[in-house]
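Worksheet: one structure, shown below.
The values are calculated or read from the model by the stated rules, or taken from the named source; none is laboratory data. Keep in mind that what you see is a predicted model, and the values were worked out from it rather than measured. Note: ideal-geometry Cβ built from the backbone for every residue, glycine included; neighbour counts use all protein chains shown.
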Amino acid sequence: MMDRPTPPYHLPVLAAEVAALLPVGSRGVVVDATFGGGGHTRTLLAAHPQIRVIGIDRDPDAAGQAAALGGRVTFLAGNFRRLEELLRGVGADEIAAVFFDLGVSSHQLDVGNRGLSYHRGGPLDMRLGEDSALTADEVVNGWDEADLARIIRRYGEDPSAARIAAAIVRARPLHDSADLAGVVAAAVPARVRRRAHPARRTFQAIRIAVNDELGALAEGLEAALRVLSPGGRVAVISYHSLEDRTVKRRLAAGAAGCVCPPDLPVCGCGRVAELRLLTRRPLVPGAEEVAANPRARSARLRAAEKVRP
Ligand SMILES: C[S@@+](CC[C@H](N)C(=O)[O-])C[C@H]1O[C@@H](n2cnc3c(N)ncnc32)[C@H](O)[C@@H]1O
C-alpha cells in the first residue's frame, strides 16, 4: 500500500502582505507571537535579512518547527498574553514588530488527538497548550445548558445555538469529538446541514472558550504595544469577527489624537496618538489565495506603527 503524503504543517495566510508591512532594511527583533509551523517567520526572514525572530507558541509541537529554521530564530513556549515575561528571559531590546496570526494551525486540526476537528474522533480536550485550565470535556459535560448556548451563539455565531446546547445536554456524557460532531449535526435544521459542516461553529465556540482566546488577544495586544520600540509595528491576522473587532477598536483608539471640538483654540484634552494606522481597512486574501488555501477565506489583517514611546 502507498503511504499518504504528510500534509504541510500549515500554509501561511497573507504572508507577502505581512512581510511588506516592515520597512525595507528593518533590523532588530520581530516577535512572531503565534509561531505555528513558522510559515510567516520563514517569509519574514527571507524578506528582511537583518532581523531575527523570536517565535512564541503555546503549543509545544511548534518548537520542532522552529528548530529547522536556523540560528536567526529563538523559540519560546508559552502564551502570548505573558509576552513581556517571556521576552524578559531572552534579553530582546529593539523590538521592530510583533505579529499575531490567531486561531489554530492546520496541524492542530489534522492531528485529531486533541479533539479540535469535527472530521475525526479524538478526546474532547481542545487545549492549544497545557496552560489552559479548562478542557472541552468539562465544557461539554459540565456547563449549564444556558452557558453552552451563550458561547455557541457568541463565539460560534450559530443561530441554532439553543437547539444545539439542548441536544448536547441530552446526549451527555460525550467524550469524543466525532460523537459531539454527530450530536450537533443531528440538532441543526436540515437546510443548514447542506452547507458547511454543521458542527464547525460549535467546535470553534468551545475552542475559543477553552483557550480564553479573546482574553488572551486583548492582553497580548496590550503587551505588544508596550514592548514595541518607537517606530515598531504590530500586525494581527484574525479569522473571527469578535477578534477583528477587538483589534480594530484597540488600534483605532491608539491612533486617535486630540478629541477637543475643532473650534477650541488650544487643546484641552491632552490626548496624543500613540499609533499610526497602516491599514485603514483590513487587508484580505485575494480569490487566488482563497482557492489555494480555503482556510484563508475569513482572514483580515490589520496593522499599526507605534509613534510614541
Ligand atoms: C494560525 S496558527 C499560526 C500559523 C503560523 N503563522 C504559520 O505560518 O505556520 C496559530 C498558532 O497560534 C498559537 N496560539 C494561539 N493562541 C495562542 C496564545 N494565546 N499564545 C501563544 N500561541 C497561541 C496556536 O497554537 C497556533 O500554533
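Per-structure values
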| quantity | calculated |
| --- | --- |
| Subset of region 169-200 [part of a helix (DSSP H, G or I) and either aliphatic (A, V, I, L, M) or in the same structural domain as ARG297 (by TED's automatic domain parsing) (or both)] | VAL169, ALA171, ALA178, LEU180, ALA181, VAL183, VAL184, ALA185, ALA186, ALA187, ALA190, VAL192 |
| Hey, ARG88 without any contact (Cβ under 8 Å) to a residue 24 or more places away in the chain and over 20 Å from the mean Cα position of the chain (by Cα) or not | yes |
| Selection count where residues are out of contact with any helix residue (DSSP H, G or I) (no Cβ under 9 Å at 6 or more places or on another chain) and under 12 Å from ARG207 (Cβ atoms), scope region 127-152 | 0 |
| Some residue of region 153-175 being touching a helix residue (DSSP H, G or I) at 6+ places or on another chain (Cβ under 9 Å), under 30 Å from ALA19 (Cβ atoms) and within 16 Å of the ligand (Cβ to nearest atom) | no |
| Flag for ALA96 being assigned by TED's automatic domain parsing to the domain that holds VAL234, among the hydrophobic types (A, V, I, L, M, F, W, C) and farther than 26 Å from GLU219 by Cβ | no |
| Listing of helices (runs of 4 or more DSSP H) fully contained in region 201-303 that carry 3 or more residues being more than 16 Å from the ligand (Cβ to nearest atom) and modelled with pLDDT of 95 or more | 241-255, 287-292 |
| Selection status of ARG201, more than 15 Å from the chain's Cα centre (by Cα) and over 26 Å from ARG127 (Cβ atoms) | no |
| Verdict on ALA47 being surrounded by fewer than 16 Cβ atoms within 10 Å (Cβ to Cβ) and more than 11 Å from the ligand (Cβ to nearest atom) | no |
| Residue selected from region 91-112 under the condition assigned to a loop (DSSP other than H, G, I, E, B) and over 20 Å from the mean Cα position of the chain (by Cα), by the criterion surrounded by the most Cβ atoms within 10 Å (Cβ to Cβ) | ALA92 |
| Which numbered condition ALA167 fails, given (1) closer than 19 Å to VAL104 by Cα; (2) touching a residue at least 12 places away in the same chain (Cβ under 8 Å) | (1) |
| ARG172 vs. criteria in contact (Cβ under 8 Å) with a residue 24 or more places away in the chain and exposed (fewer than 15 other Cβ atoms within 10 Å of the Cβ) | yes |
| Count - residues of region 1-39 that are at pLDDT 95 or above, more than 19 Å from the chain's Cα centre (by Cα) and closer than 20 Å to LEU128 by Cα | 0 |
| Filtered residues of region 22-44 (kept if part of a loop (DSSP other than H, G, I, E, B) and within 14 Å of the ligand (Cβ to nearest atom)) | ALA33, THR34, PHE35, GLY36, GLY37, GLY38 |
| Region 50-59, residues that are near the ligand (Cβ under 7 Å from one of its atoms) and either assigned to a strand (DSSP E or B) or among the β-branched types (Val, Ile, Thr) (or both) | ILE56, ASP57 |
